[in-house]
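The values are calculated or read from the model by the stated rules, or taken from the named source; none is laboratory data. Just so it is clear, the model here is predicted, and its values are computed rather than measured. Quick reminder, even Gly has a Cβ in these numbers, built from the backbone with ideal geometry, and neighbours come from all protein chains shown.
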Amino acid sequence: MPSGKVKWFDVDKGFGFLSQDDGPDVYVHSDALPEGTTTLKAGTKVEFGIAQGRRGDQALQVRIVDAPASVTRNQRNAQRKQPEVMVSIVEDLIKMLEGVEEGYRRGRHPERDAARGTAKVLRALADELEL
């Protein structure tokens, strides 16, 4: 059974596209979604069947394998950090971003571990700011 991730899905139009792990993008209509599911979030891991449609491959019987965490759900359960704690987080992020900036100025992308660490701190700060 083919697998991949949701590339995008427009609930108003009732369709979107899936990126296959091994192959081209596949059209997906809301009729192929699991019962009770009305939309798919970008990045959701899915498995699906494929049938030849009028305009190419079309996903059938989509099964959600792993959905990304919901920011809203995380925010409901979270409490705001004290401003004193946030000062150190922001300072650390600024230092990390300065390192990333310096690498870019020298024509280099950041190392994978540094990029992941920076992204993690950015997400944590964004989550805290949205509370």
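If you go through the stretch 6-40 and keep only what is surrounded by 16 or more Cβ atoms within 10 Å (Cβ to Cβ) and either of a type in the set (V, I, T) or more than 12 Å from A59 (Cβ to Cβ) (or both), you end up with V6, V26, V28.
The sole residue among G56, G43 that is surrounded by fewer than 14 Cβ atoms within 10 Å (Cβ to Cβ), over 16 Å from A124 (Cα atoms) and more than 20 Å from the chain's Cα centre (by Cα) is G56.
Every residue, every condition in (1) out of contact with any Ser or Thr (no Cβ under 7 Å at 6 or more places or on another chain); (2) of a type in the set (A, V, I, L, M, F, W, C); (3) at pLDDT 85 or above; (4) not assigned by TED's automatic domain parsing to the domain that holds F15, yes or no:
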{"residue": "A42", "(1), (2), (3), (4)": "yes, yes, yes, no"}
{"residue": "G49", "(1), (2), (3), (4)": "yes, no, yes, no"}
{"residue": "G53", "(1), (2), (3), (4)": "yes, no, no, no"}
{"residue": "D57", "(1), (2), (3), (4)": "yes, no, yes, no"}
{"residue": "E98", "(1), (2), (3), (4)": "yes, no, yes, yes"}
